[in-house]
Each structure stands twice: as C-alpha cells, then as structure tokens.
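The values are calculated or read from the model by the stated rules, or taken from the named source; none is laboratory data. Worth saying up front: this structure is predicted, and the values here are computed from it rather than measured. Positions of Cβ are generated from backbone atoms using ideal geometry, with glycine treated the same way; all protein chains shown enter the neighbour counts. Just the protein is used for accessible areas: all its heavy atoms, side chains included, with ligands, DNA and RNA removed. Shrake-Rupley method; radii C 1.70, N 1.55, O 1.52, S 1.80 Å.
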Amino acid sequence: MEPYERIRHLRKQILHMTLEEFSTKINMSRSNLGNIETGRISLTERVLSDICRIFHVNPGWITKGTEPVFEEETDPLDFEIEKLYSALTSENKKYLYGYMQRLLEEQE
C-alpha cells in the first residue's frame with residue numbers, strides 16, 4: 001500500500017470520516033485531499049505532519065506501513081471525544097466545560 005492509499009484507508013476505514021470532515025481538520029481543501037488520496041498530487045511534509053499531529057498517527061505507518069497506526073500513548077477514546085466536542089454549539093461547549101470542571105472537583 002502506498003502512503004496516499006494509507007491516508008484514504010485511515011480516513012475511511014479507521015476514522016470513518018468524510019473527505020470534508022478530514023480535510024477541515026487538517027486545514028486543506030476537500031479537492032486537494034482527494035487528489036492526495038488518489039495519488040494525483042504528492043503528500044507534502046506539512047500535510048503528513050498535520051495528519052500525524054491532529055489524529056495522533058504514527059508517521060512511519062503512513063510513509064512505510066510500519067505498525068502501529070496510532071502513537072502508542074494515544075487513547076482512541078480521546079479522538080472520539082474530540083469528534084463529538086467539535087460538533088457541539090458554542091453554548092453547549094460552555095455547558096460541557098462547566099460540567100467537566102465539576103466532575104474534576106468531585107474526582108479529587
């Protein structure tokens with residue numbers, strides 16, 4: 001599998017994201033991402049770096065297929081929580097923030 005194929009696999013099969021969702025997260029147009037995923041344009045260091053940083057992906061997996069896919073210290077639940085959080089309205093984000101602060105106080 002080539003790096004561009006692994007990016008498409010990551011987006012579709014592992015993260016279950018649309019081109020639009022994934023490209024927005026890495027601050028790139030949907031069409032450019034589509035061109036990368038089909039091998040029409042090359043994967044740049046910036047795009048590789050952004051994908052790895054934002055999704056906690058092991059860069060060796062994208063470039064060479066070296067397992068594991070995700071950096072070992074990353075909890076997959078963190079990504080799911082981030083995905084849900086980004087879908088909230090500003091008002092609900094504030095509500096959640098307050099709830100999390102109360103939860104942390106109770107935890108101590």
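Computed values, structure above
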{"read-out": "Matching option when the condition is open to solvent by 50 Å² or more (accessible area, probe 1.4 Å), closer than 14 Å to His9 by Cα and among the aromatic types (Phe, Trp, Tyr), among Phe22, Phe70", "value": "Phe70"}
{"read-out": "Any hit, region 33-42, residues being open to solvent by 30 Å² or more (accessible area, probe 1.4 Å), in contact (Cβ under 8 Å) with a residue 12 or more places away in the chain, closer than 25 Å to Asp78 by Cβ and not β-branched (Val, Ile, Thr)", "value": "no"}
{"read-out": "Qualifying residue in region 78-100 (condition: outside any loop (DSSP other than H, G, I, E, B), closer than 15 Å to Arg11 by Cα and open to solvent by less than 70 Å² (accessible area, probe 1.4 Å))", "value": "yes"}
{"read-out": "Which listed residue, of Gly60, Gly65, is touching a residue at least 12 places away in the same chain (Cβ under 8 Å) and loosely packed, with under 15 Cβ neighbours inside 10 Å", "value": "Gly65"}
